[in-house]
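Below is one structure, written out as structure tokens; the observations come after it.
The values are calculated or read from the model by the stated rules, or taken from the named source; none is laboratory data. Owing to the predicted nature of the structure, the values given are computational and were not obtained by experimental measurement. When we count neighbours, we look across all protein chains shown, and the Cβ atoms used for this are built from the backbone with ideal geometry, even at glycine.
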């Protein structure tokens, strides 16, 4: 993705916690989205951060630091169904720019 | 409420041909954006339409074009297809295209250029 970096692949164990990082260019930044995409399916919305701090939604939390151009998605109590690609996207003037996605594999 | 519908689901074309993809947004959504997804390049923004006007455009050649109709349905056209155009084309809709609105994606059209 353009000016958005996230790890290509991650592996974690069922029941564990995993953190997926995303760094982005701060110029013209409005907000940061996280989407989940299972293989062969459409991306679906997970979270949106516009202010610094942590947003918690059940097993998933997302953090943003605007000054550092940094976000992470935290997945707790991992389940096998969490195996998917996680896409970080920044918005700027109504246009979303996506990272290449992090493929997470959850193993038993 | 029906989700975002894209047709066709799969397409096979040969180099030099043209193709038209269709996207019907969620009822009431007026913004439609298009993305190209490939394994090596991730999700690349093509363009966004709002109220029949192209509001944002990505860095794709002029062979890629689109339009939006008064009912918010959108079409994307690719002319003079190249092998590198093989990809999953995703359409996404949102209410008014405001910055903080989440996108609702269709299942995509998988285009193969031979």
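Data table
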| item | result |
| --- | --- |
| When residues of region B:27-46 are limited to those that are within 25 Å of residue A:3 (Cα to Cα) and either more than 11 Å from chain A (Cβ to nearest Cβ) or free of Cβ contacts under 8 Å to residues at least 24 places away in the same chain (or both), the one surrounded by the most Cβ atoms within 10 Å (Cβ to Cβ) | B:32 |
| Complete set of residues in region B:55-70 that are at pLDDT below 95 and closer than 20 Å to residue B:30 by Cβ | B:55, B:56, B:57, B:58 |
| Residue list for region B:1-26, restricted to those being in a loop (DSSP other than H, G, I, E, B) and within 12 Å of chain A (Cβ to nearest Cβ) | B:3, B:4, B:9 |
| Residue in region B:67-83 that is crowded, with 19+ Cβ neighbours inside 10 Å, closer than 30 Å to residue A:9 by Cβ and in contact (Cβ under 8 Å) with a residue 24 or more places away in the chain present | no |
| Lone qualifier among A:56, A:41 - being within 11 Å of chain B (Cβ to nearest Cβ) and over 17 Å from residue B:100 (Cα atoms) | A:41 |
| Options A:64, A:74, A:51, A:32: the member that is over 19 Å from residue B:44 (Cα atoms) and touching a residue at least 40 places away in the same chain (Cβ under 8 Å) | A:74 |
| Among the residues listed as B:113, B:99, the single one being touching a strand residue (DSSP E or B) at 6+ places or on another chain (Cβ under 9 Å) and away from every other protein chain (no Cβ under 14 Å) | B:113 |
| Search result, residues across region B:84-114 that are in contact with a helix residue (DSSP H, G or I) (Cβ under 9 Å, 6 or more places away or on another chain) and either closer than 17 Å to residue A:33 by Cβ or crowded, with 17+ Cβ neighbours inside 10 Å (or both) | B:111, B:113 |
| Number of the condition not met by residue B:49 [criteria: (1) assigned to a loop (DSSP other than H, G, I, E, B); (2) under 26 Å from residue A:33 (Cα atoms)] | (1) |
| Qualifying strands (runs of 3 or more DSSP E) (wholly inside chain A; at least 2 residues being crowded, with 16+ Cβ neighbours inside 10 Å and within 15 Å of the chain's Cα centre (by Cα)) | A:18-24, A:31-37, A:44-49, A:60-65, A:70-75, A:84-92, A:95-98, A:102-107 |
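To keep it simple, each residue is scored yes or no on (1) modelled with pLDDT of 95 or more; (2) in contact with a helix residue (DSSP H, G or I) (Cβ under 8 Å, 6 or more places away or on another chain); (3) closer than 20 Å to residue A:8 by Cα.
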residue	(1), (2), (3)
A:65	yes, no, no
A:73	yes, no, yes
A:83	yes, no, yes
A:91	no, no, no
A:97	no, no, yes
